[in-house]
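Quick notes on the structure that follows.
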Amino acid sequence: MESHLSERMKPMNPSAIREIFKFAGLPGMISFAGGNPSERTFPAQELAEVSAKLFAEKPTEILQYGISEGYAPLRELTKARMREKFGVGGDDDEVLMLTGGQQGMDLALKTLTNEGDAVIVENPSFIGALNAIRSYRLRMVGVPMDHEGMNMDALEKALQENPDVKLIYTIPTFQNPMGVTMPLARRKRLYELAVQYDVMIVEDNPYFELRYYGEDVPCIKSLDKTGHVLFCGSYSKTVSPGLRVGYLVLHKSLLQKFTVAKQCVDVHSVNLPQMLVYEYIRGYDFDAHVKLCCDIYRVQRDLMVSGLKKNLAGLEAQGVRFTQPDGGLFVWVDLPPEKSGYELFERLVERKLATVPGSTFDPWERRDTPGIRLNFSMPTPEQIESGTKIFGDTIREFLK
């Protein structure tokens, strides 16, 4: 039946990370491959209480069709919280609720690009965004990353050489997969370049509240005076990923077309999850819950960083480096340029350690990409200790 497939879907492949999950489920396998929040952070009891109350008091509102723009109380709460706490969104901005943060990227591509246009992405970048770009048959322009995020000189060169660029996609805070954070000076320069070349920015920021060390860096959207920035946020990492509640902060002139684009996909996001999130944030101490999440992940992060320091000691001279993120869920390991992260991934699987090779996050899926992603939110402390030793032993053999 493949002859019936559309041209846009023929070259598409399943998410490599989802495929790797098959390895992660094998007996005895330690997984550093996931990107899931820890179940220890889920406010299950509170949500159960909220759910019972909602079904007792508002069953029709839950079970009837909703508004495409989203559950109005949650939209207003999100708008006020983002503006007052983080300076995101102004008088000319609106909030559109999403079925998961990933939908924000899809709607931006659907609404703001035409087939054949170019989209600038970080290299490496989030596979979900890369696949969304591929599905719309757009041309990706990769901008190299360092340990402070996207290189601004390379970005300016990419904008000069590609006049058909319509979007710049960035994860500026605790980036997936590298875990790095773009400093304020680069954020300002990124915004200036977007305005200069009249290109929209999709600021994907699902991890920005999960900070364990240091001071918050202002979101790019907080610098936006011209409407060039779309802020894509999510409650997946702070409340629950399974509820699939995200949001987009965008200029009000774009809201109608984005809403129409959303109507073509799901009519509206499901009422119950939005109402659960609203009542939970309104009725409980949400900031205290976010702090609890950070306290849990800080311990996990420290265990992984200390384990890597111990087990990769002396390898920096050979080109092995790893990020030490101030937040988020991921650590990135750079390998020597001639070494393939995919080959290392295969050897690690044989040793019962699942990771994600750098090729997964490469815009062109090159198997010789010299990097590998590790996750610290899901494994137990014992697994982190054992897994970092396996990682160190394997990489030393690999380098020989």
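Annotations for the structure displayed:
- Residues of type aspartates and glutamates that residue 79 reaches as a straight line, Cα spacing below 17 Å, ignoring anything fewer than 8 places off in the same chain: 69, 91, 92, 93, 94, 203, 204, 209, 224, 279, 287
- Average accessible surface area per residue within segment 290-373, 1.4 Å rolling probe, Å²: 42
- Taking every alpha-carbon pair under 8 Å whose residues sit at least 6 apart, segment 159-302 reaches a relative contact order of 19 percent.
- Those lysines that a straight Cα-Cα span of less than 18 Å connects to residue 339, excepting residues fewer than 8 apart in one chain: 400
- Taking the Cα centre of the chain as origin and assigning +1 to Lys and Arg Cβ atoms and -1 to Asp and Glu Cβ atoms, the resulting dipole is close to 440 debye.
- For the set 299, 217, solvent exposure ranked by accessible area (probe 1.4 Å, protein chains only) runs largest to smallest as 299, 217.
- The label point for residue 63 and the one for residue 285, both projected 7 Å from the Cα toward the Cβ, are 3.7 nm apart.
- Descending semi-axes in Å of segment 138-210, equivalent ellipsoid built from Cα gyration tensor: 20, 12, 12
- For trypsin sites (Lys or Arg not before Pro), the sites in segment 203-270 that DSSP calls loop and that have at most 15 other Cβ atoms within 10 Å are 225.
- For residue 365, the accessible area of its heavy atoms, probed at 1.4 Å with every protein chain present, is near 90 square angstrom.
- Candidate residues 187, 396: accessible-area rank, largest first, probe 1.4 Å: 396, 187
- Normalised size of the chain, defined as Cα radius of gyration per 2.2 N^0.38 Å with N residues, equals 0.98.
- DSSP beta bridge pairing in the chain, given as percent antiparallel to the nearest 5: 55
- Cα-based reach from residue 85 at 27 Å (exclusive), listing lysines while leaving out same-chain residues under 8 positions away: 188, 221, 225, 237, 252, 291
- Heavy atoms of residue 228: accessible area, 1.4 Å probe, square angstrom to 10: 20
- A Cβ-based charge dipole, computed about the Cα centre of segment 121-263 with Lys and Arg at +1 and Asp and Glu at -1, lands at about 600 debye.
- Average accessible surface for segment 131-243: 35 Å² per residue, computed with a 1.4 Å probe over protein heavy atoms with every protein chain in place.
- Among the chymotrypsin sites (Phe, Trp or Tyr not before Pro) within segment 313-373, those in coil by DSSP and having at most 11 neighbouring Cβ atoms inside 10 Å are 364.
- Counted over segment 263-314 with a bin width of 5 Å, the fraction of Cα pairs per bin, in whole percents, is 4, 16, 12, 12, 12, 10, 11, 9, 8, 5, 2, 0.
- Kirkwood-based shape ratio for segment 29-86, expressed as Rg/Rh from alpha carbons: 1.11
- Cα-based values for segment 169-270, radius of gyration first and Dmax second, are 14.7, 42 Å.
- Computed helical MRE - 222 nm, the chain, DSSP H runs ≥ 4 contributing -39500 (n - 2.57), nearest 500: -13500 deg cm²/dmol
- Radius of gyration, Dmax [segment 47-175; alpha carbons; angstrom]: 18.9, 59
- Using a probe radius of 1.4 angstrom, the carbon and sulfur fraction of the accessible surface of the chain is 51%.
- Accessible-area order (highest first, 1.4 angstrom probe) of the listed residues 235, 197, 278: 197, 278, 235
- With contacts taken as Cα pairs under 8 Å and at least 6 residues apart, the chain reaches a relative contact order of 24 percent.
The values are calculated or read from the model by the stated rules, or taken from the named source; none is laboratory data. This is a predicted model, so every value here is computed, not measured. Note that each Cβ is placed from the backbone with ideal geometry, even for glycine, and that neighbours are counted across all protein chains shown. Note: accessible area is taken over every heavy atom of the protein model, side chains too, but ligands, DNA and RNA are not part of it. Shrake-Rupley method; radii C 1.70, N 1.55, O 1.52, S 1.80 Å.
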